1. Can you compute 3J(HN,Hα) from phi for each residue in the range 146-152, using the Karplus curve 6.51 cos²θ - 1.76 cosθ + 1.60 with θ = phi - 60°, rounded to whole Hz and x for Gly and Pro?
2. Which value results for Rg/Rh of the range 23-84 when Rg is the Cα radius of gyration and Rh the Kirkwood radius based on the inverse mean 1/r?
3. Return F96, F91, F135 ranked ascending by Cβ neighbour count within 10 Å, so the fewest neighbours appear first.
4. Could you work out, for the range 68-114, what percent of all Cα-Cα pairs fall into each 10 Å distance bin, beginning at 0 Å and stopping at the bin that holds the largest distance?
5. If you plug each phi of the range 113-125 into the Karplus form 6.51 cos²θ - 1.76 cosθ + 1.60 with θ = phi - 60°, what whole-Hz ³J(HN,Hα) values come out, in order, with x for Gly and Pro?
6. Using packing as a proxy for protection, rank 106-117, 148-159 so that the peptide with the highest average count of other Cβ atoms within 10 Å comes first.
7. Which whole-Hz couplings ³J(HN,Hα) result when phi for each residue of the range 70-86 is put into the Karplus expression 6.51 cos²θ - 1.76 cosθ + 1.60, θ = phi - 60°, listed in order with x for Gly and Pro?
8. Under 5 Å between amide H atoms, partner at least 5 residues away or on a different chain: which partners does F35 have, H built in plane at 1.01 Å?
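Please treat every number below as a calculation from the coordinates, not as lab data. None of the values given here were measured: they were computed from a predicted structure. Reconstructed Cβ throughout: ideal geometry from the backbone, glycine too, with neighbour counts over all protein chains shown.
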Amino acid sequence: MNRDSNKENFENQSPQRVTLIGRKRTFTGEYVGKFEDVSVYESARMGVGSNSAGIALPGRGIVVGKGAFSQNLALDLVRHEYGHILQAKMFGKLAFYSTIAPESVISAALNRKFGHSHNSYWTETHANYLSSKYFDAEYIDKTIKYPIRHLSYFNFIRLTLASVFLRYVILIAFLIYWLWWK
């Protein structure tokens with residue numbers, strides 16, 4: 001192949017398939033490795049180093065700020081985000097994406113407004129609880145940044161019902177669609 005055809009092939013590739021210096025760049029950021037069984041991505045949009053934010057996307061991975069994982073600058077944050085992955089494993093992705101994720105995003109948006117603390121919100125303290133049980137002694141700083149609390153009975157029931165209820169809603173919707181178009 002000549003140089004022009006290589007350039008053309010490179011330009012026609014989607015951003016998810018472009019490899020730079022052995023790392024894969026995707027819409028979630030730059031793939032930097034695995035933490036436990038989960039892919040980790042870093043993005044400058046999430047901050048840098050110890051001032052990073054993070055988001056867990058069960059089924060996709062964990063996204064944190066630049067250097068948080070690859071340079072070990074915010075492993076506490078990565079462990080916290082892994083706690084959200086554990087929530088999805090415990091209650092299922094349907095319950096996670098229908099209940100935990102939206103409430104966590106709203107909580108993060110309201111952080112420091114009206115006296116609200118995102119770090120103390122139930123979605124976050126439960127992720128810390130699961131992560132602390134999973135990692136045991138290697139866990140994160142248990143100070144105000146990562147408070148640990150077990151899930152309340154109310155939220156446990158909500159998540160359990162969400163995981164069961166949503167499966168039936170999807171099944172019923174599929175049956176209605178199938179019967180309607182048959």
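1. Residue by residue, the range 146-152 yields 9, x, 10, 8, 5, 5, 6 Hz.
2. Reported Rg/Rh (Cα atoms, Kirkwood Rh): 0.90.
3. Fewest-to-most ranking of F96, F91, F135: F135, F91, F96.
4. 25, 38, 33, 4
5. 3J(HN,Hα) across the range 113-125, in whole Hz: 10, 6, x, 7, 10, 4, 4, 9, 6, 4, 4, 7, 5.
6. 148-159, 106-117
7. Once θ is set to phi - 60°, the couplings for the range 70-86 become 5, 10, 6, 8, 8, 5, 4, 5, 4, 5, 4, 4, 5, x, 5, 4, 5 Hz.
8. Amide H neighbours of F35: V40.
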